[in-house]
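Report on one structure; see the data block that follows.
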Amino acid sequence: MRYRTLKGLQDILPPDISVWQHIESTAGNIFRTYGYQEIRLPIMESTDIFIRSIGETSDIVEKEMYTFQDKGGRSVTLRPEGTASFVRAYVQHHLYNNPAPQKFYYSGPMFRYERPQAYRYRQFYQIGAEAMGIEDPKLDAEIISMLGRLLHSIGLEGLNFQITSIGCKKCRPDYREALKQFLKDKLENFCSDCQRRYDLNPMRILDCKVPGCIESRKGSPPLIDYLCDECEVHFDGLKKNLSKLHVSHTINPNLVRGLDYYTKTAFEVTSDNLGSQSAVAAGGRYDSMVDEFGGPPTPGIGFALGMERIIPLIKESLNITEGPEIFLCPIGEKAAEKALVLTEQLRSEGLWAEMNFDGTSLRSQMRKANKIAAKRVVVIGDDELEKNKAVMKNMVEKEEVAIGLDVSEFIKTIQNSDVNTHN
Ligand code: ATP
Ligand code: MG
């Protein structure tokens with residue numbers, strides 16, 4: 001084979017695409033009921049947008065970005081996630097002038113130069129949501145509840161919602177010191193990245209995926225014990241309101257996110273059925289980012305879910321088989337011409353109609369009808385043409401109905417059988 005997709009990238013083909021469409025349309029419906037509007041953002045941005053927000057010492061920025069110079073000598077990066085681009089757009093277009101909360105959602109490909117493995121790709125798709133302008137933890141509870149509803153409507157079960165608070169600029173310095181104190185005499189057990197992070201950004205050590213580092217940081221003080229009063233009250237509010245909305249959750253004090261911009265609420269949804277890449281969705285609050293991007297201080301909260309991790313969890317149970325409403329099987333050239341006109345007329349009535357083109361035997365045409373999951377078949381031969389009558393065979397109900405060779409009769413029969421099937 002001469003050409004293949006790049007490593008870590010994949011084509012999404014039918015019939016899998018119908019699972020993708022199912023997720024996208026279900027998500028779109030849920031977003032609508034919560035007042036989230038769709039936005040579409042560019043796939044690349046100026047590199048510093050990601051460095052500034054995600055953080056210089058994060059794995060994403062240090063190792064995973066697709067960064068290159070364009071022909072004008074600018075450093076551009078294929079977006080590794082959606083929130084930084086979103087906040088850039090939020091500030092650029094003064095979206096903060098609309099009544100709060102302003103709510104948006106997006107979907108599309110993200111790019112990270114990671115080691116490809118099961119459920120981990122270099123181009124992967126996220127659906128994300130962002131709600132801006134409200135600090136109240138009721139909004140945090142609402143968005144987490146919406147995520148639960150969304151995942152449930154898609155057909156996912158057996159999920160664990162883990163939440164924590166990772167504090168704010170006020171509580172971090174104390175925690176930083178406590179953490180450094182804990183790590184101080186264990187440093188030689190950590191990877192060279194973590195040793196560098198010790199001075200630059202010790203909290204990043206908590207997110208390192210190197211097994212030795214995971215082992216060595218066991219027993220480190222949890223940030224949740226160092227929250228300032230404001231963050232503590234906020235976190236209590238989140239827990240209370242999640243319970244009011246019946247969102248079952250566990251508090252995971254060890255939860256850290258791979259991005260520097262989070263403040264206060266952080267959460268992750270995991271599935272028991274994904275092995276080590278168990279996070280299907282994750283998010284949190286980012287109350288300083290708009291400010292840092294040059295906008296008026298504005299709190300925000302958002303999440304993103306990973307399509308590739310959701311698809312395998314629902315694919316088996318979904319059983320979406322799509323086939324045409326009607327498949328015309330003409331025998332002979334004259335019948336084929338008639339079928340061409342009929343299928344076109346059926347489509348103008350909004351039906352998915354197909355005809356067979358290759359003039360093969362009736363038997364092989366019927367085999368094809370089964371293969372493409374056609375719901376109904378009409379054979380048109382010399383006899384049918386002469387009498388202007390035919391038989392519509394319902395492939396699902398295994399029934400046959402005599403009909404005139406005429407679109408309005410076709411439609412009537414299809415509508416009748418749909419009514420019967422739905423009863
Ligand atoms: P992980 O811990 O798996 O590396 P992450 O913390 O880097 O995830 P986020 O940046 O929070 O992931 O992205 C949100 C979601 O996007 C993840 O929960 C996951 O479902 C999905 N995701 C992230 N990276 C990838 C990837 N390389 N391939 C497929 N899905 C991914
Ligand atoms: Mg990651």
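Look at Leu385 and say whether it is touching a helix residue (DSSP H, G or I) at 6+ places or on another chain (Cβ under 9 Å) and closer than 24 Å to Val19 by Cβ.
So Leu385 fails the test.
Table: residues versus (1) within 21 Å of Glu114 (Cα to Cα); (2) among the aliphatic types (A, V, I, L, M); (3) in contact with a Cys (Cβ under 8 Å, 6 or more places away or on another chain).
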residue: Thr5; (1), (2), (3): yes, no, no
residue: Asp16; (1), (2), (3): no, no, no
residue: Arg40; (1), (2), (3): no, no, no
residue: Ile51; (1), (2), (3): yes, yes, no
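Give the residue, chosen from Phe182, Phe190, that is within 30 Å of Glu230 (Cβ to Cβ) and in contact (Cβ under 8 Å) with a residue 12 or more places away in the chain.
Just a single option satisfies the conditions, and that option is Phe182.
Looking only at strands (runs of 3 or more DSSP E) that lie completely in the range 297-409, which have at least 1 residues being crowded, with 17+ Cβ neighbours inside 10 Å and of a type in the set (S, T, N, Q)?
Output list reads 389-394.
Got at least one residue in the range 69-83 being open to solvent by 10 Å² or more (accessible area, probe 1.4 Å), of a type in the set (A, V, I, L, M, F, W, C) and not in a helix (DSSP H, G or I)?
Yes: the range 69-83 contains one or more residues that are open to solvent by 10 Å² or more (accessible area, probe 1.4 Å), of a type in the set (A, V, I, L, M, F, W, C) and not in a helix (DSSP H, G or I).
Any chance you could count how many residues in the range 278-291 are open to solvent by 20 Å² or more (accessible area, probe 1.4 Å) and either in a loop (DSSP other than H, G, I, E, B) or within 23 Å of Leu159 (Cα to Cα) (or both)?
So the answer is 4.
Criterion first (surrounded by 18 or more Cβ atoms within 10 Å (Cβ to Cβ), assigned to a loop (DSSP other than H, G, I, E, B), at pLDDT 95 or above and in contact with a strand residue (DSSP E or B) (Cβ under 8 Å, 6 or more places away or on another chain)) does Val247 satisfy it?
yes
Determine which member of the set Arg217, Arg197 is open to solvent by less than 30 Å² (accessible area, probe 1.4 Å) and either outside the structural domain of Tyr261 (by TED's automatic domain parsing) or more than 21 Å from Ile166 (Cα to Cα) (or both).
After applying the criteria, what remains is Arg197.
Look at Ser46 and say whether it is under 25 Å from Asn201 (Cα atoms), crowded, with 17+ Cβ neighbours inside 10 Å and in the same structural domain as Gln126 (by TED's automatic domain parsing).
So Ser46 does not fit the description; no.
Would you be able to tell me the number of residues in the range 251-268 that are more than 15 Å from ligand 2 (Cβ to nearest atom) and either assigned to a strand (DSSP E or B) or not assigned by TED's automatic domain parsing to the domain that holds Ile51 (or both)?
Selection size over the range 251-268: 5.
Pick out the one residue from Glu157, Glu114 that is of a type in the set (D, E, K, R) and open to solvent by 40 Å² or more (accessible area, probe 1.4 Å).
Glu157
Which of the helices (runs of 4 or more DSSP H) contained wholly in the range 121-206 include at least 2 residues that are among the β-branched types (Val, Ile, Thr)?
Because the criterion is at least 2 residues that are among the β-branched types (Val, Ile, Thr), the helices (runs of 4 or more DSSP H) in the range 121-206 that meet it are 137-154.
Contact list please: Cβ distance under 7 Å, first residue in the range 380-394 and assigned by TED's automatic domain parsing to the domain that holds Thr413, second residue open to solvent by 50 Å² or more (accessible area, probe 1.4 Å) and assigned to a helix (DSSP H, G or I), pairs at least six apart or on different chains.
What qualifies is Ile380/Lys338; Leu385/Lys334; Leu385/Lys338.
Residue by residue through the range 87-111, note down the ones that are among the small types (Gly, Ala, Ser), open to solvent by less than 30 Å² (accessible area, probe 1.4 Å) and not in a strand (DSSP E or B).
Selection gives Ala89 alone.
Using the structure shown, decide if Gln69 is away from ligand 1 (no atom under 16 Å from the Cβ), in contact with a strand residue (DSSP E or B) (Cβ under 9 Å, 6 or more places away or on another chain) and in the same structural domain as Arg120 (by TED's automatic domain parsing).
Taking the combined requirement at face value, the residue satisfies it.
The values are calculated or read from the model by the stated rules, or taken from the named source; none is laboratory data. Predicted model, so just to flag it, every value in this text is computed and none were measured. A quick note on method: Cβ atoms are made from the backbone with ideal geometry, for glycine too, and the neighbour counts reach across all protein chains shown. Side chains are part of the model used for accessible areas, which takes the heavy atoms of the whole protein and leaves out ligands, DNA and RNA. Shrake-Rupley method; radii C 1.70, N 1.55, O 1.52, S 1.80 Å.
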